[in-house]
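The structure appears below as structure tokens.
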Amino acid sequence: MAADLVLDTAIRDWVLIPLSVVMVLIGVLRYFVSKLMRSNQVPDAKIVKEGQLIIRARNLRAAANFIPPKSFRARRLYYNNEENGLLIVPKGQAQNPQAQMFSDPNMAMDMMKKNLSMIIPQTLTFAWVNFFFSGFVAAKIPFPLTQRFRSMLQNGIDLSTVDVSYVSSRSWYFLNLFGLRGLFSLILGEENAMDDTQKMMQMSGFGFDPSKSLGAEKDSLDIVQHDWALPKFEHRAEAVLRELAR
Amino acid sequence: MVSKTEETQLNRLENQVDNGGGGAWEYLCLVRKLKVRRSEKVLKYGLSILNDLKKRSGLGSEEWTLYEQVAIAAMDCQSLDVAKDCIRLLRKAFPESKRVGRLEAMLLEAKGSWAEAEKAYSSFLEENPLDQVIHKRRVAMAKAQGNISGAIEGLNKYLEIFMADHDAWRELAEIYVSLQMYKQAAFCYEELILSQPTVPLHHLAYADVLYTLGGLENLQTAKKYYASVIDLTGGKNTRALFGINLNVLTPAFQCTSAIGQLAKGRNKEDKESLELQSLAATALEKDYKQRAPEKLSLLSTALKSLKVSS
């Protein structure tokens, strides 16, 4: 390995610290902006009902063996009969989320707002970091690392001879982007801290189609074999009591 | 449901606060988190914090949460003046808030001005028809007025949308039991068992309802559920032990099973349940000996009379 690089203290004062401070400030700012823009939307009764229905049907499937066969069959019929079962979605009514989005401008608006509050500051800061701070070796980790960490820590410097424990400025930006959650939860309160990774997950969760999950729930309910667990309990109770009487 | 560890923690904190050991705020937080009903204590300790300027300002914005908690507790204890003061302060701090509006409506309800409270609640519902708390308040109000059928109607409407809310199912089941509508109650208890299959209390209540309904099939099912309660509680539930005794020794059960004795399988099952009954009886006797020896004679005569009558 090459001899140790000496990092200029000016880099610390003008790259490392400003970058972290800016990231924190942007996080706080974004929190308040998104709080301002958040529209208090009233959930649709039908969607709430479908969600609850799925929970109930899932409970039925999971705990089917705890109720008498007759009750189970009655419930299954209630959910699954072809005419007016709760889990049956009439064919014409099943609308896909895309069409729903076009019919409801509010939904598209919400999406936009969410996107705006997330993507715009991110691209801006990334561009800013790239413009001002590209190519700096900003910090050094006090322990050696293997080569695999190179892409994580030395994003933006294409030198394979530099020791892996040096962190480039762009990587420092990424580390801050994903690692400041703990700090935000301190500043903004426990439940307000939301880092970008989580937001991205939420985004991908969009496009959830309730009618599809209703259908899936119906199919799995159809194939449940009811095996009443209670008769076994008598023997177990006997064993318990015997143990107790001893 | 409050889990065992949480309950012990709560009791420990309560003890500590009762004996002047401090930690009142932690106690109040825990009460709020577990949603348990300790209104008198909440009122007492919450007020002592609110009246102490230094402690109150130490809470920061949590102060308002405490005001809300104390207001609700005060309404529960019929200290309406305290509730009124709390709500007035909250109103001053949040002039537009719906949450405070809800508290105001609850105050009306606590005063007994049903019509006005109803009007306030329905106006809230018009704005947001999916507000669970307000739906529940309306049911509670109907129940408080003695309008049981109204309460049932409200609960049914609520459960049509929020059908996974087991607390509402339990409330409905209890109302049905109080009206002796056992079939409906049995349905509700089945629903409860489905959503929380390991809670023995639901099994027990279901068994009670089935036993009350009567008929051979129901009795047999009830016996199974009593057995499951015994299993789930490790034989510690006195009511279930009695249930088994009553159930197996019920004249109806004996009679009909005597008819069915021709079938061999039935016969075997009968023997088994008799064994279960005698085991339950010994467990009961043991339990009584340990915890209430002076009532042991009562128990043995009761058990004997059951046997004789069968």
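Okay, here's what the table says:
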{"read-out": "Search result, residues across region B:22-50 that are surrounded by 11 or more Cβ atoms within 10 Å (Cβ to Cβ), among the small types (Gly, Ala, Ser) and free of Cβ contacts under 8 Å to residues at least 12 places away in the same chain", "value": "B:Gly23"}
{"read-out": "Output for region B:87-99, where each listed residue is touching a residue at least 24 places away in the same chain (Cβ under 8 Å) and either buried (at least 17 other Cβ atoms within 10 Å of the Cβ) or of a type in the set (Asp, Glu) (or both)", "value": "B:Leu90"}
{"read-out": "Index of the failed condition, B:Leu53 passing every other in (1) over 30 Å from B:Arg170 (Cβ atoms); (2) surrounded by 13 or more Cβ atoms within 10 Å (Cβ to Cβ); (3) of a type in the set (A, V, I, L, M)", "value": "(2)"}
{"read-out": "In region A:146-159, the residues that are part of a loop (DSSP other than H, G, I, E, B) and over 20 Å from A:Phe133 (Cα atoms)", "value": "A:Thr146"}
{"read-out": "Any hit, region B:142-155, residues being within 14 Å of chain A (Cβ to nearest Cβ) and more than 16 Å from the chain's Cα centre (by Cα)", "value": "no"}
{"read-out": "Lone qualifier among B:Ala292, B:Ala281, B:Ala252 - being within 12 Å of chain A (Cβ to nearest Cβ) and either at pLDDT below 85 or surrounded by 17 or more Cβ atoms within 10 Å (Cβ to Cβ) (or both)", "value": "B:Ala281"}
{"read-out": "Region B:178-204, residues that are more than 10 Å from chain A (Cβ to nearest Cβ) and in contact (Cβ under 8 Å) with a residue 60 or more places away in the chain", "value": "B:Val199"}
{"read-out": "Pair list, Cβ under 7 Å, 6 or more apart: region B:220-242 residue within 8 Å of chain A (Cβ to nearest Cβ) and under 13 Å from B:Ala283 (Cβ atoms), other residue assigned to a helix (DSSP H, G or I) and of a type in the set (Phe, Trp, Tyr)", "value": "B:Ala227/A:Phe233; B:Asp231/A:Phe233"}
{"read-out": "Of all residues in region B:210-219 being in contact (Cβ under 8 Å) with a residue 24 or more places away in the chain and either part of a helix (DSSP H, G or I) or among the aromatic types (Phe, Trp, Tyr) (or both), the one that is nearest to the other protein chains (Cβ to nearest Cβ)", "value": "B:Leu210"}
{"read-out": "Which numbered condition B:Ala207 fails, given (1) more than 12 Å from every other protein chain (Cβ to nearest Cβ); (2) modelled with pLDDT of 90 or more", "value": "(1)"}
{"read-out": "Options B:Glu171, B:Glu153; residue that is under 22 Å from A:Val48 (Cβ atoms) and surrounded by 15 or more Cβ atoms within 10 Å (Cβ to Cβ)", "value": "B:Glu171"}
{"read-out": "B:Leu59 under 27 Å from B:Ile87 (Cβ atoms) and surrounded by 17 or more Cβ atoms within 10 Å (Cβ to Cβ)", "value": "no"}
{"read-out": "Near pairs, Cβ below 9 angstrom, 6+ apart or cross-chain, from region A:163-175 (farther than 25 Å from A:Gln122 by Cβ) to any residue that is among the hydroxyl-bearing types (Ser, Thr, Tyr)", "value": "A:Val164/A:Thr146"}
{"read-out": "Counted residues, region A:220-246 - those being assigned to a helix (DSSP H, G or I), more than 27 Å from the chain's Cα centre (by Cα) and more than 12 Å from chain B (Cβ to nearest Cβ)", "value": "2"}
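Here's the yes/no breakdown for (1) among the aromatic types (Phe, Trp, Tyr); (2) within 17 Å of B:Ser278 (Cα to Cα); (3) in the same structural domain as B:His135 (by TED's automatic domain parsing):
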residue: B:Phe162; (1), (2), (3): yes, no, yes
residue: B:Asp165; (1), (2), (3): no, no, yes
residue: B:Arg170; (1), (2), (3): no, no, yes
residue: B:Ile175; (1), (2), (3): no, no, yes
residue: B:Val209; (1), (2), (3): no, no, no
residue: B:Gly214; (1), (2), (3): no, no, no
residue: B:Gln220; (1), (2), (3): no, yes, no
residue: B:Tyr226; (1), (2), (3): yes, yes, no
residue: B:Leu241; (1), (2), (3): no, yes, no
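The values are calculated or read from the model by the stated rules, or taken from the named source; none is laboratory data. The structure displayed is predicted, hence computed values, not measured ones. Quick reminder, even Gly has a Cβ in these numbers, built from the backbone with ideal geometry, and neighbours come from all protein chains shown.
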